[in-house]
Amino acid sequence: MVTVIIPTLNEQNTIAQVIQLVKKSPLVSEILVIDDKSLDNTIKNAKCENVKIYTSTKLGKGASMRDGMLLSNNEIIVYLDADIVSYPENIIDLLTAPIIHDQADFVKSFFERQAGRVTELVAKPLLSLLFPELAHITQPLSGMIAGKKSLFEQVTFENDYGVDIGLLLDMFQNKARMVEINIGYIENRMQSWEQLGKMSKEVSRAILKRAELIKQSNLEILENISLIRDQMDFAIKESLLGLKKMLIFDMDNTILQSSFISTLALKHGFNNKLIEIVSENSNHYTRTKLIAQQIKGLKINQLLETLDNIPITNDFELIVKEFKSNGYICGIISDSYDCITNHLVNKFGLDFSIANELEFSNSICTGEVKVPSVFIRTKESNCNHDFCKSNAMREVAKRYNIDNQNIIAIGDGDNDICLIKDCGIGISFCSSNPTLNIVANKVIQEKSFSPLLEFIN
């Protein structure tokens, strides 16, 4: 019989479908979901499918994979990514058949999709150079694999992006019989260029760590390795330079049709206290900490359920897709909480969010909150506010190498004024704030983001 291990991190939209697909296989006697401390409803949705759920002992996909392997009760193990719903119906049969028929010990999948930059510019060239016996592998970074537990126990699971290539090389060096299986057409999430840069370094590190026989005297090999790294770095830098446009959203009363904290307060009975805190405390830090104390004891699922019940502004998802397809980086800067903004990032395919960091213990809010340093005034700040969204905007602009003048920002409140002023195009959205409406380049009165389309270039 077969154990299927599904590492997860914030995959609430797909986890149930993946589990349901796996259950269709008569070969599967055990399904293990190993969660990497998700903040959304991933665990809740997985529980509804009556499978075993464990929390990873350490952050990182590799740690989740290793934990799952140790917890498995079967000799044959299949690993599936949790964010893919286009698996073929016979995915388990395809991956396990060579092992069941004693034709292989380790099975690597490949699928009909154009290989990514890291595969083509880093993984394949390094394999050809250092492990020519593996140069034929179509997709060395594929995460859909199967193998024998007795062999997985002998290899190293990298905790980062190097885990998949590391397993391939370890199996090869342990002389495991390996085959590559075509699993058809698969759609999976594209990584940001920032993530690809990190992936490139971690994949190359995993390969080089296992190429211990290379001698420093072999200058030709060393030069080729340096060239491969330079090519990837150049590709990343070139692409980042091409992404010179950014769209920043406020969250409360902009993306959301109401305020998250106000909605939460009404639902959990601290609305009067919230009004008192806001009216009596003008200092941002004091106000932020006092409000967070009102949330103490609430579970993460209660916060996310409240969020999911707040209507989203019409056409938000479509606008994000349209701008991203035109090369824009899209994200959220909010004085709400990161667990809330990150949920929206995951749900709508945004690139980033910046917000206050709410503290949890065992998924329960402690009442403590941290204001990220990116909001804090520096010598580069254009205003005198100790806390300001415009400071966060400058930091994220540096991260993506984007000039402030190529940023569109949209918000509705007093705390958005500096942000709206400091970016290239500032937009007031359904706001009653007269100052914001004056400083904005455009005022939108209707509850729709469609007027943003005129700024796409």
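Observations on the model:
- 3 or more residues within 21 Å of F323 (Cα to Cα): qualifying strands (runs of 3 or more DSSP E) within the range 350-448: 352-361, 407-411, 425-429, 442-444
- From the list K267, K296, K273, K321, the one residue that fits, being among the charged types (D, E, K, R) and closer than 16 Å to M246 by Cα, is K321.
- A single member of I91, I76, I53 is modelled with pLDDT of 95 or more and in contact with a strand residue (DSSP E or B) (Cβ under 9 Å, 6 or more places away or on another chain), and it is I76.
- Selection of the range 225-250 for residues being in contact with an Asp or Glu (Cβ under 9 Å, 6 or more places away or on another chain) and either at pLDDT 95 or above or closer than 30 Å to L303 by Cβ (or both) yields M246, D250.
- Where S109 falls short, out of the listed (1) modelled with pLDDT of 90 or more; (2) touching a strand residue (DSSP E or B) at 6+ places or on another chain (Cβ under 7 Å); (3) surrounded by 16 or more Cβ atoms within 10 Å (Cβ to Cβ); (4) part of a loop (DSSP other than H, G, I, E, B): (4)
- Among (1) under 20 Å from the mean Cα position of the chain (by Cα); (2) more than 22 Å from S450 (Cβ to Cβ); (3) of a type in the set (G, A, S) - the single one G327 does not satisfy: (2)
- Among the residues listed as I91, I76, I145, I100, the single one being surrounded by 20 or more Cβ atoms within 10 Å (Cβ to Cβ) and over 27 Å from the mean Cα position of the chain (by Cα): I76
- Evaluated against (1) under 19 Å from G162 (Cβ atoms); (2) touching a Lys or Arg at 6+ places or on another chain (Cβ under 8 Å), D81 falls short on exactly one condition, (2).
- Flag if E158 is at pLDDT below 95, surrounded by fewer than 20 Cβ atoms within 10 Å (Cβ to Cβ) and in the same structural domain as I19 (by TED's automatic domain parsing): no
- Here is the figure for the range 308-317: residues that are more than 20 Å from the chain's Cα centre (by Cα) and assigned to a helix (DSSP H, G or I) total 0.
- Here the condition is being assigned by TED's automatic domain parsing to the domain that holds G426, touching a residue at least 60 places away in the same chain (Cβ under 8 Å) and not β-branched (V, I, T); of L344, L298, it holds for L344 alone.
- K58 meets the conditions (1) surrounded by fewer than 20 Cβ atoms within 10 Å (Cβ to Cβ); (2) more than 18 Å from the chain's Cα centre (by Cα) in every case but one. The failed one is (2).
- Check on K370, of a type outside the set (S, T, Y) and touching a residue at least 40 places away in the same chain (Cβ under 8 Å): no
- Tally, over the range 427-457, of residues that are under 30 Å from the mean Cα position of the chain (by Cα) and buried (at least 23 other Cβ atoms within 10 Å of the Cβ): 4
- Within the range 19-32, the set of residues being in contact with a strand residue (DSSP E or B) (Cβ under 6 Å, 6 or more places away or on another chain), in contact (Cβ under 8 Å) with a residue 40 or more places away in the chain and either of a type outside the set (D, E) or part of a loop (DSSP other than H, G, I, E, B) (or both) comprises V22, L27, V28, L32.
- The range 286-304: number of residues that are surrounded by fewer than 14 Cβ atoms within 10 Å (Cβ to Cβ) and assigned to a helix (DSSP H, G or I): 1
- Taking the criterion of being touching a Ser or Thr at 6+ places or on another chain (Cβ under 7 Å), crowded, with 20+ Cβ neighbours inside 10 Å and either under 20 Å from L94 (Cβ atoms) or at pLDDT 95 or above (or both), the residues of the range 6-32 that qualify are P7, L32.
The values are calculated or read from the model by the stated rules, or taken from the named source; none is laboratory data. A quick note: this is a predicted structure, and the numbers were derived from the prediction, not measured. When we count neighbours, we look across all protein chains shown, and the Cβ atoms used for this are built from the backbone with ideal geometry, even at glycine.
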